Amino acid sequence: MNIMKYKFIFLLLISLDMSAALIKDYVARYSFKSDEISINGIRKLTTQDQGYELSFEAKSMIAKLGFNSSFVVSEDQVISKGYMVKIKPRFVKRDQSIDYNYNKKQITSLGRNSWGVEFDPIESPLDPMNAQIQIRLNLLKGVNEFSLKLVEMKNGEIQDNFYKVIGSDLCVVGKIEYECTILKRNREKEGRETLYYLAPELDYMFLKIIDTSPEREQKLELIEILSLG
């Protein structure tokens, strides 16, 4: 790798773009429903010393879920650092942790799905959570149709995901009404469709996500904003 490429990666890892300040820290209560489970939890976006952390934690009498993504933002581009999934009861065996090594150009996964793949740091592939921050940054810039590269959790394959704004709708959170932008993602190979409902008034915070595939339907929905900014 030449000196310029080292310098590029170094800047990606340490610089925080001021435009990222448009995405405010928040704490909010969400409900998560699937064919397997219905549970409420807390979703947080927090600013760290050199980056950000987006997490979702939920628990009930029979289950506990934890998702955590760490990343930085440089020039409106999300740069992944790590992603972790923790699910109990333990017999389900769905814990997984993913690490990005930009010097070795490798992504490795341990846990439920163990694998290692090479990647191009310039492409900056995203995880399922920090992709949502990139979506918000794109919409804030007025980009209504785009593609993102995401890491497939099962095998590390880096896939192109295509998104397009398809309309708007009224969303209600508690007693508050928000005009929502509807963003659609298609993954035709899997017969999978995801609809995102985002509020421009809240810098495109996710109010609802509905993910439908031949195997199951999953829904994440905002119940209450506990703090913002």
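Tabulated results
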quantity	calculated
Among 217-227, 194-204, 61-71, the order from most to least packed when residues are scored by Cβ within 10 Å on average	194-204, 61-71, 217-227
Centroid-to-centroid separation of region 85-163 and region 175-213 [C-alpha atoms, Å]	19 Å
19 Å reach of a label modelled at Ile42, 7 Å along Cα-to-Cβ, counting backbone N of region 51-73	52-70
Computed label-point distance, nm, for sites Lys175 and Glu217 using a 7 Å Cα→Cβ extension	3.0 nm
Cα-only Debye scattering, region 53-110: base-10 log of I(q)/I(0) at q = 0.14 Å⁻¹	-0.48
Value at 222 nm in deg cm²/dmol, rounded to 500, when DSSP H runs of n ≥ 4 in the chain each add -39,500 (n - 2.57)	-3000 deg cm²/dmol
Average projection area in nm² (convex hull over Cα atoms of region 138-229, one quarter of hull surface)	7.1 nm²
For region 119-177: Kirkwood Rh in Å [reciprocal of mean 1/r, alpha carbons]	13.4 Å
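Since every read-out is calculated from the coordinates, none of them should be taken as a lab result. Fair warning: this is a prediction, and the values are worked out from it, not measured in the lab. Glycine gets a Cβ as well: all are built from the backbone with ideal geometry, and neighbour counts include every protein chain shown.
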